[in-house]
Amino acid sequence: MKKHQMLIAGKWVDPAGGEWFESLNPFTGAAWALVPRGGKEDVDLAVAAAKAAYEGPWRKLTASARGDLLRKFAELVAAEADKLAEIETTDNGKLIAEMRGQLKYVPQWFHYFGGLADKVEGRVIPIDKPGVFNFTREEPLGVVVAITPWNSPLLLATWKLAPALAAGNTVVWKPSEFSSVSAFAFAQLFERAGFPPGVVNVITGYGNEVGEPLITHRDVAKVAFTGGDRTGEHVYQLAAKGIKRITLELGGKSANIVFDDADIDEAVKGVVSGIFAATGQTCIAGSRALIHRSIHDKFVEKLLALAKTARMGNPLDANTQVGPITTQPQYQKVLDYIRIANEEGAVCRLGGGPASRPECGSGWFIEPTIFTGVKPQMRIAQEEVFGPVLSIIPFDDEEEAIRVANGTVYGLAAGVWTTSIRRALMMAERLEAGTVWVNTYRAVSYMSPFGGYKRSGIGRESGIDAIREYLQTKSVWIDIAGSAPNPFVMR
Ligand code: NDP
């Protein structure tokens with residue numbers, strides 16, 4: 001079993017406390033790597049390294065030179081994509097087909113933000129005061145902490161690292177304790193691309209032991225976090241103590257809404273993709289299907305027929321469609337929600353428990369599960385499950401669909417299936433969600449802003465909006481009149 005080290009100041013180092021913990025393979029349940037258990041001492045070293053790099057070599061590079069490094073890194077990731085995908089799949093159980101696709105797409109973020117690095121411009125303000133020249137500078141923040149969850153470790157880190165580095169910040173990245181292993185291989189590529197030591201540091205360990213000292217460290221300027229909303233709330237409170245900038249990408253309970261004028265077969269595929277792809281372990285999971293009552297029964301029959309064909313098994317097999325749950329606690333949580341849904345009176349039409357198919361080995365598998373008869377106020381329709389569990393809720397008209405779709409504390413994404421352009425545009429306007437897909441689902445791009453409304457988060461990742469999250473504006477005033485005005489009044 002490989003015993004990994006952390007990357008601090010360009011050196012691979014053991015944790016100060018001399019402890020490691022096991023990372024488990026979700027398909028076998030067996031340990032396959034040893035991850036350093038970092039602590040406060042390591043945090044102090046990592047932040048000091050990031051600060052020194054920010055004030056030293058990184059600051060001295062032009063924005064174009066930073067862009068060159070990001071593009072070089074992108075090429076290295078593209079060359080290593082298959083290897084990185086295999087590590088992620090072994091570590092977090094996501095399908096190899098999905099991880100390969102993700103890792104081949106990840107370089108685009110570094111190309112895009114590498115290109116954007118030297119297009120960040122200030123403004124000259126046609127100021128209303130005589131004898132003064134006023135302009136703005138867009139400046140980096142300093143040391144940025146990136147904290148990422150276990151479900152898409154490298155993609156979600158990329159969403160933070162690419163804009164943060166393009167804007168001129170340095171980074172300390174803490175991956176999830178459940179899926180840290182790909183971070184080590186990824187970080188080596190920053191070294192190979194020629195980033196100065198300390199620009200990117202990777203520190204692993206438990207959320208409370210590493211995450212908290214990182215967030216509260218006085219030399220950290222910003223925290224970019226993806227994870228659950230309860231942890232996000234705690235992170236927000238910790239960051240507030242230091243008046244730190246924050247980006248929060250949190251959970252969701254996204255509605256996938258199918259109207260009676262939709263192409264039903266396409267909508268069925270869209271609903272399946274929304275909840276069973278990635279075993280439902282995505283923030284954008286379309287975990288509530290809102291189906292117009294007039295097509296409800298026909299839709300459910302077609303949905304059951306398609307969901308039943310899902311091939312479960314080894315996530316490293318390219319033919320597998322539904323893999324294991326990534327962590328043992330998450331496996332238990334999904335089973336708890338299935339029990340709660342049954343107790344609440346929802347009707348289980350498919351699955352409803354652990355998968356005991358031979359091809360599932362000893363992994364943490366749960367059968368694709370579909371509940372009908374779900375009422376909007378049930379816990380199964382309000383709380384994020386983060387697993388392959390779909391709640392189906394019938395509706396009668398547009399107003400009811402909007403009320404139910406918006407009737408949770410979350411607002412990450414929504415899907416609308418309709419052939420009416422009026423309905424598509426009206427729903428896109430009225431849904432309280434950071435992303436609305438019409439006649440498609442689960443599409444993301446480096447060019448398009450992503451983030452949550454309401455309890456699903458603060459700030460945006462990807463697209464031009466994202467680089468703004470890592471910049472601050474300075475206003476510079478220069479006297480060009482040459483004579484001092486009255487010093488006792490404001491100029
Ligand atoms: P968690 O909120 O449990 O953890 C997220 C990260 O925060 C992990 O690195 C975790 O470390 C760390 N952490 C935990 N406790 C603390 C703490 N006290 N202080 C600082 N950091 C801490 O989320 P999961 O890893 O369970 O991921 C699943 C969640 O992520 C889901 O709710 C999902 O919706 C959300 N998510 C949101 C996305 C979005 O873009 N909106 C995308 C993907 C997922 P450790 O693992 O070591 O505890």
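The values are calculated or read from the model by the stated rules, or taken from the named source; none is laboratory data. Given the structure is predicted, the values throughout are model-derived calculations rather than measurements. When we count neighbours, we look across all protein chains shown, and the Cβ atoms used for this are built from the backbone with ideal geometry, even at glycine.
Got at least one residue in region 352-360 being buried (at least 22 other Cβ atoms within 10 Å of the Cβ), among the small types (Gly, Ala, Ser) and touching a helix residue (DSSP H, G or I) at 6+ places or on another chain (Cβ under 9 Å)?
Within region 352-360 (the criterion being buried (at least 22 other Cβ atoms within 10 Å of the Cβ), among the small types (Gly, Ala, Ser) and touching a helix residue (DSSP H, G or I) at 6+ places or on another chain (Cβ under 9 Å)), the answer is no, since none of the residues qualifies.
From (1) touching a His at 6+ places or on another chain (Cβ under 6 Å); (2) of a type in the set (D, E, K, R); (3) within 7 Å of the ligand (Cβ to nearest atom), pick out the condition that doesn't hold for Glu212.
(1) is the only condition that Glu212 fails.
Okay, residues lined up against (1) outside the structural domain of Leu431 (by TED's automatic domain parsing); (2) of a type outside the set (D, E, K, R); (3) near the ligand (Cβ under 9 Å from one of its atoms):
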| site | (1), (2), (3) |
| --- | --- |
| Val199 | yes, yes, no |
| Gly207 | yes, yes, yes |
| Gly232 | yes, yes, yes |
| Tyr236 | yes, yes, no |
| Lys244 | yes, no, no |
| Phe259 | no, yes, no |
| Ala267 | no, yes, no |
| Ile275 | no, yes, no |
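Give the number of residues within region 218-230 that are within 9 Å of the ligand (Cβ to nearest atom) and hydrophobic (A, V, I, L, M, F, W, C).
Residues in region 218-230 being within 9 Å of the ligand (Cβ to nearest atom) and hydrophobic (A, V, I, L, M, F, W, C): 2 in total.
Could you grab me the full set of residues in region 150-161 that are touching a strand residue (DSSP E or B) at 6+ places or on another chain (Cβ under 8 Å) and either of a type in the set (Lys, Arg) or more than 8 Å from the ligand (Cβ to nearest atom) (or both)? Spell out how you get there, then give the answer.
Going residue by residue through region 150-161, those that are touching a strand residue (DSSP E or B) at 6+ places or on another chain (Cβ under 8 Å) are 156-157, 159-161.
Answer for region 150-161, where residues must be touching a strand residue (DSSP E or B) at 6+ places or on another chain (Cβ under 8 Å) and either of a type in the set (Lys, Arg) or more than 8 Å from the ligand (Cβ to nearest atom) (or both): Ala157, Lys160, Leu161.
Within the bounds of region 25-40, is there any residue that is in the same structural domain as Ala193 (by TED's automatic domain parsing), among the hydroxyl-bearing types (Ser, Thr, Tyr) and out of contact with any Gly (no Cβ under 7 Å at 6 or more places or on another chain)?
No, that holds for no residue.
Can you name the residue in region 435-449 that is of a type in the set (Ser, Thr, Tyr) and part of a loop (DSSP other than H, G, I, E, B) and, of all such residues, is farthest from the ligand (Cβ to nearest atom)? Outline the logic, then answer.
Within region 435-449, the subset of a type in the set (Ser, Thr, Tyr) is 435, 440-441, 445-446, 448.
Of the ones still in play, those that are also part of a loop (DSSP other than H, G, I, E, B) are 440-441, 445-446, 448.
Details: Thr440: 18, Tyr441: 15, Ser445: 14, Tyr446: 14, Ser448: 13 Å.
Filtering region 435-449 for residues that are of a type in the set (Ser, Thr, Tyr) and part of a loop (DSSP other than H, G, I, E, B), the one farthest from the ligand (Cβ to nearest atom) comes out as Thr440.
Starting from residues that are out of contact with any Asp or Glu (no Cβ under 7 Å at 6 or more places or on another chain), part of a loop (DSSP other than H, G, I, E, B) and among the β-branched types (Val, Ile, Thr), keep the ones in region 112-149 and report whichever is farthest from Gly242 (Cα to Cα).
Ile127
Name the residues in region 380-414 that are over 17 Å from Ala341 (Cβ atoms) and touching a Ser or Thr at 6+ places or on another chain (Cβ under 7 Å), would you?
Tyr410, Gly411, Leu412, Ala413, Ala414
So, of the residues in region 116-149 that are among the hydrophobic types (A, V, I, L, M, F, W, C) and surrounded by 24 or more Cβ atoms within 10 Å (Cβ to Cβ), which turns out to be nearest to the ligand (Cβ to nearest atom)?
From region 116-149, those among the hydrophobic types (A, V, I, L, M, F, W, C) are 116-117, 120, 124-125, 127, 132-133, 135, 141, 143-147; that's our starting set.
Now narrow it down to the ones that are surrounded by 24 or more Cβ atoms within 10 Å (Cβ to Cβ): 117, 143-147.
Details: Ala117: 23, Val143: 16, Val144: 15, Val145: 9, Ala146: 9, Ile147: 5 Å.
Residue satisfying both the conditions and the ranking: Ile147.
Checking Ala318 against (1) under 26 Å from the mean Cα position of the chain (by Cα); (2) surrounded by 23 or more Cβ atoms within 10 Å (Cβ to Cβ); (3) not in a strand (DSSP E or B), only one condition comes out false. Which one?
Condition (2) is where Ala318 drops out.
Would you pick out the residues in region 79-96 that are of a type in the set (A, V, I, L, M) and surrounded by fewer than 17 Cβ atoms within 10 Å (Cβ to Cβ)?
The one that is of a type in the set (A, V, I, L, M) and surrounded by fewer than 17 Cβ atoms within 10 Å (Cβ to Cβ): Ala79.
List the number of the failed condition for Tyr470; all other conditions in (1) within 21 Å of Val145 (Cβ to Cβ); (2) hydroxyl-bearing (Ser, Thr, Tyr); (3) not assigned by TED's automatic domain parsing to the domain that holds Asp229 hold.
For Tyr470, the failing item is (3).
May I ask you to say which residue of Gly29, Gly10 is of a type in the set (Gly, Ala, Ser), crowded, with 16+ Cβ neighbours inside 10 Å and more than 24 Å from the chain's Cα centre (by Cα)?
Criteria check complete, one pass: Gly10.
Across region 51-72, which residue is nearest to Lys222 (Cα to Cα) among those that are among the basic types (Lys, Arg) and touching a residue at least 12 places away in the same chain (Cβ under 8 Å)?
From region 51-72, those among the basic types (Lys, Arg) are 51, 59-60, 66, 71-72; that's our starting set.
Subset that is touching a residue at least 12 places away in the same chain (Cβ under 8 Å): 51, 59, 66, 71-72.
Working: Lys51: 13, Arg59: 17, Arg66: 20, Arg71: 24, Lys72: 26 Å.
For region 51-72, the residue satisfying everything is Lys51.
Looking at Thr247, Thr279, which is the one that is hydroxyl-bearing (Ser, Thr, Tyr) and at positive phi?
Selected residue: Thr279, the only one of Thr247, Thr279 that is hydroxyl-bearing (Ser, Thr, Tyr) and at positive phi.
Residue-wise test of (1) surrounded by 21 or more Cβ atoms within 10 Å (Cβ to Cβ); (2) more than 16 Å from the ligand (Cβ to nearest atom); (3) more than 30 Å from Arg137 (Cα to Cα); (4) under 15 Å from the mean Cα position of the chain (by Cα).
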residue: Gly451; (1), (2), (3), (4): yes, no, no, yes
residue: Ser462; (1), (2), (3), (4): yes, no, no, yes
residue: Tyr470; (1), (2), (3), (4): yes, yes, no, no
residue: Asp479; (1), (2), (3), (4): no, yes, no, no
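Can you list the strands (runs of 3 or more DSSP E) found entirely within region 150-255 that contain at least 2 residues being surrounded by fewer than 22 Cβ atoms within 10 Å (Cβ to Cβ)?
245-249
Can you say whether Ala428 is of a type outside the set (D, E, K, R) and either assigned by TED's automatic domain parsing to the domain that holds Leu156 or in a helix (DSSP H, G or I) (or both), as far as the supplied structure shows?
Answer is yes for this residue.
Could you look through region 260-283, keep only residues that are within 24 Å of the chain's Cα centre (by Cα), part of a helix (DSSP H, G or I) and not small (Gly, Ala, Ser), and pick out the one that is surrounded by the most Cβ atoms within 10 Å (Cβ to Cβ)?
Thr279
Could you name every one of the helices (runs of 4 or more DSSP H) located completely within region 327-423 that has at least 3 residues being away from the ligand (no atom under 16 Å from the Cβ)?
Those helices (runs of 4 or more DSSP H) span 328-344, 398-405.
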